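A quick write-up on the structure given underneath.
The values are calculated or read from the model by the stated rules, or taken from the named source; none is laboratory data. This is a predicted model, so every value here is computed, not measured. Cβ placement follows ideal geometry from the backbone for every residue including glycine, while neighbour counts extend to all protein chains displayed. Quick note on the areas: whole protein, heavy atoms, side chains included, nothing else; ligands and nucleic acids left out. Shrake-Rupley method; radii C 1.70, N 1.55, O 1.52, S 1.80 Å.
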Amino acid sequence: DVVETQEHYKSRWRSIWIMYLTMFLSSVSFSIIIMSVWPYLQKIDPTADASFLGWIIASYSIGQMVASPLFGLWSNYRPRREPLVVSTAISVAANCLYAYVHVPHSHNKYYMLTARALVGFGAGNVAVVRSYIAGATSLTERTGAMANTSACQAVGFILGPVFQTCFTLIGEEGVTWKLISLELNMYTAPVLFGALLGVINIILIFAIFREHRVDDMGRQCKSINSEGEENDTLDQDTEGNVDHVAVVALNVLFFVILFVFAVFETIATPLTMDMYSWTRKEAVFYNGIILSVIGIESVIVFLVVKTLSKKTGERAILHGGLLIVLVGFFILLPWGKKLPNIQWQEIKNNSIPRTVPTEMLMPFWSLQEVELQSNCTEPVGCPITQSWCLNTPVVYLAQYLSSDVLIGLGYPVCNVMSYTLYSKILGPKPQGVYMGWLTASGSGARILGPVFVSQIYTHLGPRWAFTLICGVVVVSLLLLEIVYKRLIAFSLRYGRMQE
């Protein structure tokens with residue numbers, strides 16, 4: 001056995017901390033504009049509708065889904081610094097492109113779609129990060145390291161909306177640098193800030209990051225990613241087959257977890273604008289604050305589950321997290337009698353669908369209300385083009401906030417436990433491609449989630465959307481019960497360690 005030296009230990013954890021930073025920046029790149037995509041899209045391209053918003057959000061995950069297995073495969077055979085630097089550079093360039101989507105005279109929504117897809121492609125390095133941390137930690141260190149990784153991701157989700165909220169002070173107009181055709185406003189400043197953070201990350205990867213590997217017992221091993229080194233110390237430890245039933249089941253569960261959270265974060269802005277008559281700026285500001293609070297809650301959860309998992313095990317915590325998410329979405333179902341306000345502009349322009357009798361509008365709107373809103377520069381309320389607005393009760397603010405708290409509790413628990421169980425099941429096997437597939441399954445969820453909810457919500461309303469989500473979570477709980485006994489570490493499965 002090769003005993004780990006103190007110097008190796010310090011270098012190993014410095015490199016792991018760089019991976020934490022990379023994960024943090026990846027989540028910032030996603031969340032820093034998530035609340036402002038819809039109003040910015042409406043501003044630069046009036047032809048874009050809520051359905052296209054789903055594709056904008058999903059484009060990030062399409063890019064990540066394509067890139068994750070590729071970067072994972074790359075990291076299995078070459079020094080991980082290569083895919084990390086290349087992926088981060090792509091994200092930096094894509095953020096700069098996003099800052100210029102207002103420049104073309106037409107088809108601006110497609111430029112925004114391209115920019116977000118490239119940012120997602122760069123975020124495919126999450127697979128490299130997770131596989132490195134799995135290989136650079138012992139079995140006893142793994143849960144804590146994975147929790148820290150997810151905590152850094154959560155902090156990114158916290159600070160992303162916080163940055164966005166701060167940048168709203170610049171305003172929608174901001175300042176223009178005519179020499180380079182750059183508009184610096186509440187929509188472009190966040191992505192330029194994200195590009196700057198990416199450049200800093202590249203510098204730190206070159207300066208600090210080193211390749212390290214230890215086995216499940218914590219013994220120092222040669223890294224298969226270091227040039228000129230052979231992996232001749234791991235042959236005995238890697239004997240045995242991975243439980244592919246457990247691997248597939250966790251991919252499915254992870255898909256569901258990311259799917260429901262993608263639905264939640266995508267629907268936040270349209271839902272609050274429709275239900276509470278918030279303006280674009282108010283929706284960005286208030287939801288930014290709400291997501292920031294959820295992020296803080298998530299960090300606390302990550303710190304707690306590291307300790308709790310030692311007593312109850314990862315499988316039980318995953319089960320509890322899914323139950324909490326189920327309750328969170330059940331609360332979002334509209335139960336009351338009060339109906340949402342209807343946008344005045346459609347009434348004023350006589351664009352009410354012929355299928356809607358005019359007398360149906362009288363309980364919702366008086367002439368005084370229409371006249372009052374006619375003085376606004378921006379229509380607010382639930383659009384009459386969404387026919388469900390006329391018969392679906394409002395989701396009360398208390399319901400929305402209660403759901404935020406529960407989903408903010410359940411999602412981080414499910415996220416970290418999925419990654420931890422997955423990495424332990426794979427054991428000493430090279431995890432780059434496997435982590436790539438897990439990341440790709442999560443990215444697939446982020447593709448289908450926004451598209452699903454934008455279509456179902458736009459045409460059928462929140463009652464159908466959230467009912468279907470509850471059904472998906474129930475099915476995932478049944479799957480977890482079926483494979484529960486198979487979700488054990490590789491070393492435990494082959495009797496090399498005792499639980």
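Only residues that are among the hydroxyl-bearing types (S, T, Y), part of a helix (DSSP H, G or I) and open to solvent by less than 40 Å² (accessible area, probe 1.4 Å): list them for the range 274-299, please.
Pass one, the range 274-299, residues among the hydroxyl-bearing types (S, T, Y): 276-277, 279, 286, 292, 298.
Now narrow it down to the ones that are part of a helix (DSSP H, G or I): 276, 286, 292, 298.
Correct list: S292, S298.
For S150, state whether it is among the polar types (S, T, N, Q) and either without any contact (Cβ under 8 Å) to a residue 40 or more places away in the chain or open to solvent by 30 Å² or more (accessible area, probe 1.4 Å) (or both).
For S150, the condition - among the polar types (S, T, N, Q) and either without any contact (Cβ under 8 Å) to a residue 40 or more places away in the chain or open to solvent by 30 Å² or more (accessible area, probe 1.4 Å) (or both) - is not met.
Inspect the range 450-466 for any residue being basic (K, R), closer than 23 Å to W335 by Cβ and touching a residue at least 60 places away in the same chain (Cβ under 8 Å) and give the result as yes or no.
yes
Does at least one position in the range 215-225 carry a residue that is surrounded by 13 or more Cβ atoms within 10 Å (Cβ to Cβ), at pLDDT 80 or above and touching a helix residue (DSSP H, G or I) at 6+ places or on another chain (Cβ under 8 Å)?
no
Residues checked against (1) within 14 Å of the chain's Cα centre (by Cα); (2) in a helix (DSSP H, G or I); (3) at pLDDT 85 or above; (4) of a type outside the set (V, I, T):
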{"site": "R116", "(1), (2), (3), (4)": "yes, yes, yes, yes"}
{"site": "V119", "(1), (2), (3), (4)": "yes, yes, yes, no"}
{"site": "G124", "(1), (2), (3), (4)": "yes, yes, yes, yes"}
{"site": "G160", "(1), (2), (3), (4)": "yes, yes, no, yes"}
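Test of understanding: among V405, V395, which residue is touching a Pro at 6+ places or on another chain (Cβ under 6 Å), modelled with pLDDT of 85 or more and over 30 Å from D243 (Cβ atoms)? Please lay out each step first, then the result.
Values: V405 fails: touching a Pro at 6+ places or on another chain (Cβ under 6 Å).
Selected residue: V395, the only one of V405, V395 that is touching a Pro at 6+ places or on another chain (Cβ under 6 Å), modelled with pLDDT of 85 or more and over 30 Å from D243 (Cβ atoms).
With the structure loaded, tell me whether I324 is open to solvent by 80 Å² or more (accessible area, probe 1.4 Å) and closer than 24 Å to Y419 by Cα or whether it fails that test.
no
Considering each of W437, W464 in turn, give the residue that is within 25 Å of I324 (Cα to Cα) and at pLDDT 80 or above. Outline the logic, then answer.
Numbers: W437 fails: within 25 Å of I324 (Cα to Cα).
Only one candidate qualifies: W464.
Does any residue in the range 409-427 that is over 15 Å from F255 (Cα atoms) come within less than 7 Å, Cβ to Cβ, of a residue that is outside any helix (DSSP H, G or I) and charged (D, E, K, R) six or more places away or on a different chain, and which pairs are these?
Pairs that qualify, where the first residue is over 15 Å from F255 (Cα atoms) and the partner is outside any helix (DSSP H, G or I) and charged (D, E, K, R), are I425/D243; G427/D216.
Can you tell me which residue in the range 171-186 is surrounded by the most Cβ atoms within 10 Å (Cβ to Cβ), limited to those that are over 28 Å from the mean Cα position of the chain (by Cα) and in a loop (DSSP other than H, G, I, E, B)?
G174
Being within 14 Å of the chain's Cα centre (by Cα), within 21 Å of G194 (Cα to Cα) and open to solvent by 40 Å² or more (accessible area, probe 1.4 Å) is the requirement here; does I62 meet it?
Yes.
Give the residues of the range 78-120 that are without any contact (Cβ under 8 Å) to a residue 12 or more places away in the chain and open to solvent by less than 50 Å² (accessible area, probe 1.4 Å), sorted by residue number.
Once the filter is applied, which keeps residues that are without any contact (Cβ under 8 Å) to a residue 12 or more places away in the chain and open to solvent by less than 50 Å² (accessible area, probe 1.4 Å), the range 78-120 yields only P104.
Within the bounds of the range 248-264, is there any residue that is open to solvent by 20 Å² or more (accessible area, probe 1.4 Å), part of a helix (DSSP H, G or I) and at pLDDT below 85?
no
Taking the stated definitions as given, is V394 open to solvent by less than 50 Å² (accessible area, probe 1.4 Å), over 25 Å from F71 (Cα atoms), outside any helix (DSSP H, G or I) and among the hydrophobic types (A, V, I, L, M, F, W, C)?
In short, yes.
Return the residue satisfying two criteria in turn: it lies in the range 419-472 and is surrounded by fewer than 24 Cβ atoms within 10 Å (Cβ to Cβ) and among the charged types (D, E, K, R), and of such residues it is nearest to M146 (Cα to Cα).
K424
Only one of I447, I456 is aliphatic (A, V, I, L, M), assigned to a helix (DSSP H, G or I) and modelled with pLDDT under 80. Can you tell me which?
I447
Across the range 327-345, which residue is farthest from the chain's Cα centre (by Cα) among those that are open to solvent by 10 Å² or more (accessible area, probe 1.4 Å) and hydrophobic (A, V, I, L, M, F, W, C)?
W344
For the range 97-114, name all the residues that are hydroxyl-bearing (S, T, Y) and assigned to a loop (DSSP other than H, G, I, E, B).
Result: Y100, S106.
Just give me the residues in the range 126-147 being among the polar types (S, T, N, Q) and in a helix (DSSP H, G or I), in sequence order. Let's see the steps before the verdict.
Here is the first cut: in the range 126-147, the residues among the polar types (S, T, N, Q) are 131, 137-138, 140, 143.
The answer is S131, T140, T143.
Sort out which residues of the range 259-318 are in contact (Cβ under 8 Å) with a residue 40 or more places away in the chain, over 30 Å from R142 (Cα atoms) and of a type in the set (F, W, Y), and write them in order of number.
Answer for the range 259-318, where residues must be in contact (Cβ under 8 Å) with a residue 40 or more places away in the chain, over 30 Å from R142 (Cα atoms) and of a type in the set (F, W, Y): Y276, W278, F285.
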